[in-house]
Amino acid sequence: MALPKGFLWGGAVAAHQLEGAWNVGGKGPSVADVMTVGAPGVERGITDGIIEGENYPNHEAIDFYHRYKEDIALLAGMGFKCFRTSIAWTRIFPNGDELEPNEEGLKFYDDLFDEMHKYGMEPVVTLSHFEIPLHLANEYGGWRNRKMIEFFVRFAKVCFERYKDKVKYWMTFNEINNQRNTESPFLTFTNSGLLYKEGEDRYQVMYQAAHYEFVASAIAVIEGHKINPDFQIGCMIAFCPTYPASAAPQDQIAALKEMDRTYVFADVQCRGHYPSYILKEWERFGTDIRMEPEDLKIIQEGTVDYIAFSYYMTFTTEYDESNVRHLGREKKNPFVKANDWGWQIDPIGLRYALNLLQERYELPLMIVENGIGLHEHEEADGMIHDDARIEYFANHITEMKKAVELDGVTLIGYCPWGPIDLVSAGTGEMEKRYGFIYVDKNNKGEGTLARKPKKSYYWYKRVIETNGENL
Ligand code: BGP
């Protein structure tokens with residue numbers, strides 16, 4: 001028993017976290033150029049708007065824009081079969097509402113995809129990874145506005161047409177369910193690019209934005225298949241399964257309801273309709289989602305070809321009568337450890353996650369993010385000995401293999417997050433490192449940007465060479 005032949009071993013990144021060159025080549029500013037997704041607006045005292053023009057970590061990032069040839073060669077050195085990245089919307093449509101795309105931006109990704117193909121690496125591409133054009137956030141309120149569907153679909157179609165012979169695997173929105181906790185003071189500034197207003201019903205705003213994203217994603221799937229019927233267009237879900245804190249029956253319900261917060265996003269995109277539990281919830285909460293008559297038909301027709309998901313951790317929850325909306329009440333799980341940022345490390349949870357998704361949807365799966373952020377530095381021998389990362393991946397890959405070999409999960413590929421150190425989406429740090437390749441840059445932005453393989457680089461190379469046999 002082994003992983004299938006042609007299994008897509010690789011790694012995953014997002015444009016705004018590594019490209020830099022934020023205002024080069026005709027690129028416009030995106031929301032990611034002024035803010036991380038982890039609600040730092042609160043720290044910065046922003047409550048009702050978006051600031052522009054700060055020297056933000058993404059502005060230079062690791063300068064992949066200018067160094068991608070060197071970086072792709074390094075990744076190819078590990079034997080990558082695929083590489084997941086995103087297309088920065090603002091390189092293609094600097095403001096987002098133009099009719100004509102920016103040729104220089106399109107050319108950049110042409111060159112990047114050609115470079116990958118040179119090494120036999122399959123591009124796996126996210127259209128919207130935590131960034132929309134800043135102009136669309138400021139002028140239209142981001143995804144609270146239905147006009148976003150038109151802008152996104154135009155962007156998607158331009159990309160599909162241009163790269164139809166270079167890219168087969170697509171995702172519409174990264175972690176479409178991320179940052180959906182409506183108790184957060186400052187939210188959905190991920191793909192949605194919207195800020196809540198004082199006193200508004202955040203639950204309603206969040207689902208309204210999600211509805212427009214669902215429609216946009218479904219249209220993209222439909223149009224994409226017209227452009228190239230071989231396209232595989234997936235949804236992308238942040239999948240952190242929630243365990244019940246005990247065997248108490250009410251804790252099972254609490255965990256189930258918590259999981260529904262995530263499932264709803266996959267249910268709509270994979271099954272093509274809103275599940276009954278969310279419709280009932282909207283009815284109970286008096287939530288009124290505006291929909292056009294054709295929306296539900298579009299959602300039904302535009303179901304995805306596969307499910308991409310990120311897996312970093314599991315959560316644990318217990319029943320709490322006051323938690324009517326089942327929102328993110330976590331309990332510490334005594335059975336798992338956490339990293340320096342409190343992210344719980346749970347390899348068996350990955351096998352559990354794969355089983356849950358397989359059984360619920362029976363669609364091919366792709367793990368497009370998994371990994372561990374660590375504090376790291378060069379040691380006396382000039383090497384970065386990231387044994388903790390090797391252990392993390394060995395354990396996760398072991399469980400992933402069990403899901404395929406013992407449980408019958410259909411898995412297309414495995415892309416650890418940040419194979420080269422990059423800017424953290426949640427904190428803006430450089431020193432929350434995920435890479436097999438070290439980048440000389442610290443949180444203050446100092447460093448030569450030199451790249452250097454870590455110990456795990458040579459380890460992962462062997463894993464790929466042996467199709468996951470040699471851990
Ligand atoms: C996911 C995002 C990525 C990535 C990753 C790690 O939620 O899709 O963009 O950054 O998390 O998170 P962080 O960068 O906050 O450590």
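Using C-alpha pairs under 8 Å with a sequence gap of at least 6, the mean separation divided by the residue count of the chain gives a relative contact order of 18 percent. Counting neighbouring Cβ atoms within 10 Å and putting the fewest first, the residues 230, 114, 251 line up as 230, 114, 251. Taken over the stretch 350-402, the percentage of Cα pairs per 5 Å bin, counting from 0 up to the bin with the maximum distance, is 4, 15, 21, 18, 13, 10, 8, 5, 3, 2.
Could you work out Rg/(2.2 N^0.38 Å) for the stretch 230-288, with Rg from alpha carbons only?
Details: Rg = 14.1 Å, N = 59, 2.2 N^0.38 = 10.4 Å.
Dividing the Cα radius of gyration by 2.2 N^0.38 Å gives 1.36.
Built from the Cα atoms of the stretch 274-386, the convex hull projects on average onto 11.7 nm², one quarter of its surface area.
The residue list 82, 372, 156 was ranked by how far each Cα lies along the charge dipole of the chain toward its positive end, using unit charges on Cβ atoms, and 82 comes out on top.
By how many nm would the segment from residue 359 to residue 335 grow when fully extended, if each residue of separation counts as 0.36 nm and the alpha-carbon distance is taken off? Numbers along the way, then the final one.
Details: separation 24, 0.36 × 24 = 8.64 nm, distance 2.52 nm.
Net length gain for the segment: 6.1 nm.
Using a simple spin-label model with pseudo-atoms 7 Å out from Cα toward Cβ, residue 23 and residue 273 lie 5.1 nm apart.
Can you tell me the FRET efficiency between residue 227 and residue 405 if r is taken as the Cβ-Cβ distance and R0 is 45 Å, rounded to the nearest 0.05?
Values: r = 36 Å, r/R0 = 0.80.
Rounded to the nearest 0.05, the efficiency is 0.80.
For the stretch 8-465, the dipole from Cβ point charges (+1 on Lys and Arg, -1 on Asp and Glu) about the Cα centre works out to 680 debye, to the nearest 20. Using the Cβ-Cβ distance between residue 150 and residue 63 with R0 = 35 Å, the FRET efficiency computed as 1/(1 + (r/R0)^6) comes to roughly 0.55.
At 25 °C and 0.890 mPa s, what whole-number value in µm²/s does Stokes-Einstein give for the translational diffusion of the stretch 198-240, with Rh from the Kirkwood sum over Cα pairs? Please report the intermediate quantities before stating the final value.
Working: Rh = 12.4 Å.
The calculation lands on 198 µm²/s.
Determine the percent antiparallel among the DSSP beta bridges restricted to the chain, to the nearest 5. Around 15 percent of the beta bridges assigned by DSSP in the chain are antiparallel ones. For residue 458 and residue 111, the FRET efficiency from 1/(1 + (r/R0)^6), where r spans their Cβ atoms and R0 equals 30 Å, is about 0.55.
With only Cα atoms counted, the stretch 337-438 has Rg and Dmax values of 15.1, 50 Å.
With n ≥ 4 as the cut-off for DSSP H runs, can you work out [θ] at 222 nm for the chain, using -39500 (n - 2.57) per run divided by the number of residues, rounded to the nearest 500? Write down the numbers at each step before the final one.
Numbers: 13 runs with 172 residues, N = 471.
Taken over the chain, the calculation gives -11500 deg cm²/dmol.
Taking the three principal axes of the alpha carbon atoms in the stretch 8-465, the coordinate ranges are 61, 55, 48 Å, sorted in descending order.
Bear in mind that the values in this text are calculations on the coordinates, not laboratory data. If you're wondering where the values come from, they're calculated on a predicted model, not measured in any experiment. All Cβ positions, glycine included, derive from the backbone under ideal geometry; neighbour counts span all protein chains shown.
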